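Asker: For reference, the structure I am asking about is given below.
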Amino acid sequence: MCGIVGVVGLQDCAETLLDSLKRLEYRGYDSSGIVTRAAEGFVMNRAVGKLGALSATMRDRPLSGRSGLGHTRWATHGGVSERNAHPHIANNKVAIVHNGIIENHAALRDELRAAGHEFASETDSEVLAHLFLAAFDQGMSAQEAGAAVLSQIEGTFALAAMHVDHPDMMIVARNASPLAIGLGDGASFVGSDAIALAPLTRNVIYLKDNDFAIVTPDSAQIFDAAGVSVHREVVIVAASQGMVDKGGFRHFMEKEIHEQPDAIAHTLAAMTGTDGTLSTPLSRDDLQAIDGIVMLAAGTSHYAAMVARYWIEALARVPVSCEIASEYRYRKPVTGAFTTAIAISQSGESLDTLMAMRHAGEAGLRTVGLVNVPESTIAREASLVMPTRAGPEIGVASTKAFIAQLTALICFAAALAEARGSIDAQRRDEIHEHIRGLPSIIGRTLGLFDDIRPLAHSLTTARSALYLGRDVLFPVAMEGALKLKELSYIHAEGFASGEMKHGPIALIEEGLPVIALLAADEVMGKAASNLQEASARGARIILVTEERAAHVVDFADQVITVPNVDPLLAPLLLTVPVQILAYLTAFEKGTDVDQPRNLAKSVTVE
Ligand code: AGP
């Protein structure tokens, strides 16, 4: 949920730290700070608010030094304030930045206070700085100090610490929160993900849980929790500077909406075998052995799971249970016939989803990670990875990753169905052909920005909005509502159309916007009559549908049409207008589209 960076061995490293933080700001932006090891010791700037506040401070008070740490915060322990901002410095000797939650921080703080330590903040992270201070003050080496501190703490962490007497060294460690070590030419780096290090190096080492490392300008010695030296491979990562710029768009989200045709094409390529037919990383035998699937995800990824359930059950006749990861994590699920758990996560770092996947694995299910970041923790821990290839998604509101998830999931459903004999190869290839055509069809929906802009403007004053969808479009209604509320802060709820008459229809009042998703499918008539019930009570019906179905709801107040598409693929196509609607409404309202308040791109706390 926070972003951390560190550098050793780079002249005037402060600007590099600030630049890396800009690429991590999507992880949290309540406050930020940078500390460097200058000639006189540690010097630090911190600021509340987005990174622009820190940039201004850095201009007024530049920091010198060839090593330092940086942090951008999403508050967990301790309110949003300058004194709770990271980095934290203990006794002018140990500086630290941390992402995660130290569960036993209170007890440790009491012990340290009893030993004479004084604290300047309310954060659990500052306790870590004092633990390292105590270890070094006892004369421990960096390796001994790393093992000693890790043996005392419980919880999740990605941390980087420096001691003022060792200016060219960082101690870095992780458990459940992501951390990458970057090996440069005469300098070394650490960051919450490879995107932070993209312009600096592509040679990256990913620590495993409870690893720690001693990082110097030309080395990274890695140890396990017991302090035993271990080897971790150096990987060449794909992230590059060009992949993390706005490319001329106003926002990352706008760019990523436009990248959706490519996201589909690249993900489809990853789900196509050498023989040109739909395939998955699971073997035919694996697919035939699947008796039931548990889908584990959060937020938008959970809605992708909900769409996939309709596809998998209809095509492959395999039961699917869609679980909200944070709920599943602490349940005592009866796994029964469920043999496979698919953890769906754009970041591959959502702790709720990671812990739910571990929970499923402990219950004996085979775990598959459907992730957009191949080097992520979920990818590394799953028994098998089914990749989406959307490219780095920087906007906090997920768009192209969702479309890529749906692409991978429809491919998986068709391949699973054919392997189990519930559809034949011809039907599988028909579906494949439809998916192949999607990038150009989706590309045509990108022309809807101008049509939707006036509608978005009219929504900016709405107090609330309902999204309705039936069958496979119900999860898309949920996703549309999430997009509107997380971007424009307008309350919105998604409902199954058929559910309205069981209570929510009481919400209908004159002019209430109801965004209705409808496709030319088996339930089109039922969905239309559900909308009639809302319209008859004064709702403002905004219909989002295929061209061939627009006539079905002739009482709609506004209609947004997309090209006709096979009913199986309607969820992908109808998602784009609701993404555009949410984006433009937020843009019109002036909210921060790429970094909405209170949110972070990767929720790495439970
Ligand atoms: C998406 O618009 C949201 N920002 C959020 O719900 C997100 O989908 C959720 O946090 C899950 O993230 P993940 O896919 O990286 O696990």
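Asker: Within 10 Å of each residue's Cβ, count the other Cβ atoms and sort Phe449, Phe338 from fewest upward.
Answerer: Working: Phe449 17, Phe338 22.
Ranking Phe449, Phe338 by Cβ neighbours within 10 Å, fewest first, gives Phe449, Phe338.
Asker: Give the share of C-alpha pairs in each 5 angstrom bin for the range 118-236, from 0 to the last occupied bin, in whole percents, shortest bins first.
Answerer: 2, 12, 22, 24, 20, 12, 5, 1, 0
Asker: Hey, another quick one. Between Rg and the Kirkwood Rh of the range 459-606, both from Cα atoms, what is the Rg to Rh ratio? Kindly include the intermediate steps, with their values, before the conclusion.
Answerer: Working: Rg = 15.0 Å, Rh = 15.4 Å.
My calculation puts Rg/Rh at 0.97.
Asker: Oh, and also: For Met295, enumerate residues with amide H under 5 Å from its amide H, sequence gap 5+ or separate chain, H modeled in the peptide plane.
Answerer: Ser321, Cys322, Glu323, Ile342
Asker: Sticking with this structure for a sec: So, R0 is 41 Å and r is the distance between the beta-carbons of Phe119 and Ser464; what FRET efficiency does that work out to, to 0.05? Write out the running numbers ahead of the final one.
Answerer: Working: r = 44 Å, r/R0 = 1.07.
Result of the calculation: an efficiency of 0.40.
Asker: Sticking with this one: Once you keep just the Cα pairs under 8 angstrom separated by 6 or more residues, what percentage relative contact order results for the chain?
Answerer: 12
Asker: Count the net charge of all other residues whose Cβ sits under 15 Å from the Cβ of Ala226, scoring Lys and Arg as +1 and Asp and Glu as -1. Don't skip to the end; give the middle numbers.
Answerer: Values: positive: Lys208; negative: Glu144, Asp209, Asp211, Asp224.
Charge balance in the 15 Å sphere: -3.
Asker: How long, wide and thick is the range 38-181, going by the Cα atoms along their three principal axes, in whole angstroms, largest first?
Answerer: 39, 32, 32
Asker: Still on this structure, I have one more. Give me Glu323, Glu433, Glu82, Glu493 sorted ascending by neighbouring Cβ count inside 10 Å, so fewest comes first. Present the calculation step by step, with values, prior to reporting the outcome.
Answerer: Numbers: Glu323 21, Glu433 10, Glu82 13, Glu493 17.
So the ranking, lowest neighbour count to highest, is Glu433, Glu82, Glu493, Glu323.
Asker: Which value, in Å to one decimal place, does the Kirkwood hydrodynamic radius take for the chain when every pair of different Cα atoms is included? Mind dumping the intermediate values first?
Answerer: Numbers: mean 1/r = 0.0397 Å⁻¹.
Radius from the Kirkwood sum: 25.2 Å.
Asker: Tell me, in nm to one decimal, what length is gained between Val80 and Ala39 on full extension, where the rule is 0.36 nm per residue of separation less the Cα-Cα distance?
Answerer: Values: separation 41, 0.36 × 41 = 14.76 nm, distance 3.07 nm.
Here the answer is 11.7 nm.
Asker: Another one. Where a Cα-Cα gap under 25 Å defines reach, which lysines qualify for Lys483, not counting those fewer than 8 residues away within the same chain?
Answerer: Filter leaves Lys22, Lys50, Lys246, Lys255, Lys400, Lys501, Lys589, Lys601.
Asker: Fewest first, what order do His251, His71 take by the number of other Cβ atoms within 10 Å? Mind showing how you got there, number by number?
Answerer: Numbers: His251 19, His71 31.
With the fewest neighbours first, His251, His71 line up as His251, His71.
Asker: For Thr274 and Ala536, compute 0.36 nm times the residue count separating them, minus their Cα-Cα distance, and round to one decimal in nm. Mind dumping the intermediate values first?
Answerer: Details: separation 262, 0.36 × 262 = 94.32 nm, distance 5.42 nm.
Full extension from Thr274 to Ala536 adds 88.9 nm.
Asker: Percent relative contact order of the range 34-131, based on C-alpha pairs within less than 8 angstrom and at least six residues apart?
Answerer: Numbers: 138 pairs, mean separation 26.1, N = 98.
Contact order relative to length: 27 percent.
Asker: Kindly identify the range 251-359 as rounded, prolate or oblate by the Cα gyration tensor criterion: order the square roots of the eigenvalues as a ≥ b ≥ c, call it rounded if a/c is under 1.5, otherwise compare a/b with b/c, prolate if a/b is larger, else oblate. Walk me through the numbers before you get to the answer.
Answerer: Values: a/c = 2.08, a/b = 1.15, b/c = 1.81.
Since a/c reaches 1.5 but b/c is at least a/b, the shape of the range 251-359 is classed as oblate.
Values in this text are rule-based calculations from the coordinates and carry no lab data. As the structure is a computational prediction, the values presented were derived from the model and not from experiment. Don't worry about glycine lacking a Cβ; one is built from the backbone with ideal geometry, like all the others, and counts go over all protein chains shown.
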